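Trainee: One structure is given below, represented as structure tokens, and several questions about it will come after.
The values are calculated or read from the model by the stated rules, or taken from the named source; none is laboratory data. Predicted model, so just to flag it, every value in this text is computed and none were measured. Because the Cβ atoms are built from the backbone with ideal geometry, glycine has one as well, and the counts that use them run over all protein chains shown. Note: areas computed on protein heavy atoms with side chains; ligands, DNA, RNA excluded. Shrake-Rupley method; radii C 1.70, N 1.55, O 1.52, S 1.80 Å.
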Amino acid sequence: MKKSLFILILFTTFKIIGQSQVSFDSIKNELSKIKLNSKIKNNNKRVLKLLDNLYYETLQSDDGFLSEKTISELKEFENNKDIPNWHIFYLFNIYQNHITESQNLNIPTNANFQIGVMKLLSGELIEVYNTIPPIILIYMGEALLSGNKIDLAKNHFKMSFEFFPKSIPLKVYCYLLSDDETEKQKLYRELKKEKPNHWMVIEKLN
């Protein structure tokens with residue numbers, strides 16, 4: 001019950017801020033076409049497992065490197081649209097490609113685009129699995145930060161961290177956004193003690 005309430009509050013908030021931002025008619029239309037030909041199966045969690053592996057390997061681990069197995073799985077998803085629930089991967093890939101291309105071109109990301117895609121992706125995840133994995137929660141918060149929605153991002157990361165208290169990225173963002181100096185120092189000490197070699201701790205706390 002508590003988890004369902006968390007998802008409802010989280011998605012309702014994200015839905016509200018997404019509606020007035022930008023039109024995603026082209027993406028929505030493409031998504032609709034893909035879903036017509038997709039095998040949507042609630043009990044097939046292959047794409048959910050991929051998202052979890054991406055999280056644990058690139059965000060939760062110290063070095064942030066993908067394993068060969070996960071790289072192979074990514075390539076399989078890229079080349080095989082017949083995988084059940086492939087439409088979820090489609091949206092995730094759109095988001096990831098936007099971030100990568102922006103970094104490669106050394107230009108700012110489009111916050112409206114990020115928020116819009118996250119709105120669609122979170123909706124599909126809830127519809128199929130009734131859950132939102134940690135990597136998507138982190139991307140959601142980063143989208144809010146890109147859109148300079150600091151207070152929403154702060155509340156989002158704090159709420160997400162309550163449900164995933166072992167998440168290092170969520171804890172780092174809670175530290176960075178905290179206005180409470182006592183809490184901030186507590187998070188700093190814990191991160192430095194527990195995960196001093198994590199790439200985000202090194203990058204954000206030093």
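Trainee: Using a Cα-Cα cut-off of under 13 Å, which aspartates and glutamates could be cross-linked to Lys41, ignoring same-chain neighbours fewer than 8 residues away?
Mentor: Within reach: Asp82, Glu124, Glu127.
Trainee: Additional query: Give the span of region 40-163's Cα atoms along each principal axis, as three whole-Å numbers ordered largest to smallest.
Mentor: The Cα atoms of region 40-163 stretch 38, 33, 28 Å along their principal axes.
Trainee: For region 148-193 and region 43-122, compute the distance between their C-alpha centroids and round to whole Å.
Mentor: Region 148-193 and region 43-122 have Cα centres separated by 23 Å.
Trainee: Can you put Thr109, Thr70 in order of accessible area, largest first, using a 1.4 Å probe?
Mentor: Thr109, Thr70
Trainee: State the percentage of accessible surface on the chain attributable to carbon and sulfur atoms; use a 1.4 Å probe and exclude ligands, DNA and RNA.
Mentor: Carbon-and-sulfur percentage of accessible area, whole number: 51.
Trainee: Give the angle, between 0 and 90 degrees and rounded to the nearest 10, that separates the Cα long axis of helix 181-194 from the longest principal axis of the Cα atoms of the chain.
Mentor: For helix 181-194, the angle is close to 80 degrees.
Trainee: Assuming R0 = 25 Å, what is the FRET efficiency of Asn97 and Asn43, from their Cβ-Cβ distance, to the nearest 0.05?
Mentor: 0.30
Trainee: Oh, and also: Among the listed pairs Lys75/Lys119; Lys33/Lys69; Lys49/Lys69; Lys119/Lys204; Lys119/Lys166; Lys28/Lys119, which have their C-alpha atoms separated by more than 18 angstrom in this model?
Mentor: Lys75/Lys119; Lys33/Lys69; Lys119/Lys204; Lys119/Lys166
Trainee: Per-residue counts of other Cβ atoms within 10 Å, averaged by peptide: what ranking do you get for 115-122, 131-138, highest first?
Mentor: Going from most to least packed, we get 115-122, 131-138.
Trainee: Also, quick follow-up: Lys149: which aspartates and glutamates have alpha carbons under 18 Å from its alpha carbon, excluding same-chain residues fewer than 8 sequence positions away?
Mentor: Asp179
Trainee: Sticking with this one: On average, how much accessible surface per residue is there in the chain, in Å², for a 1.4 Å probe, leaving out ligands, DNA and RNA?
Mentor: For the chain, the per-residue accessible area is 55 Å².
Trainee: Using helices alone, what [θ] at 222 nm do you get for the chain, with -39,500 (n - 2.57) per DSSP H run of 4 or more residues, divided over all residues and rounded to the nearest 500?
Mentor: -23000 deg cm²/dmol
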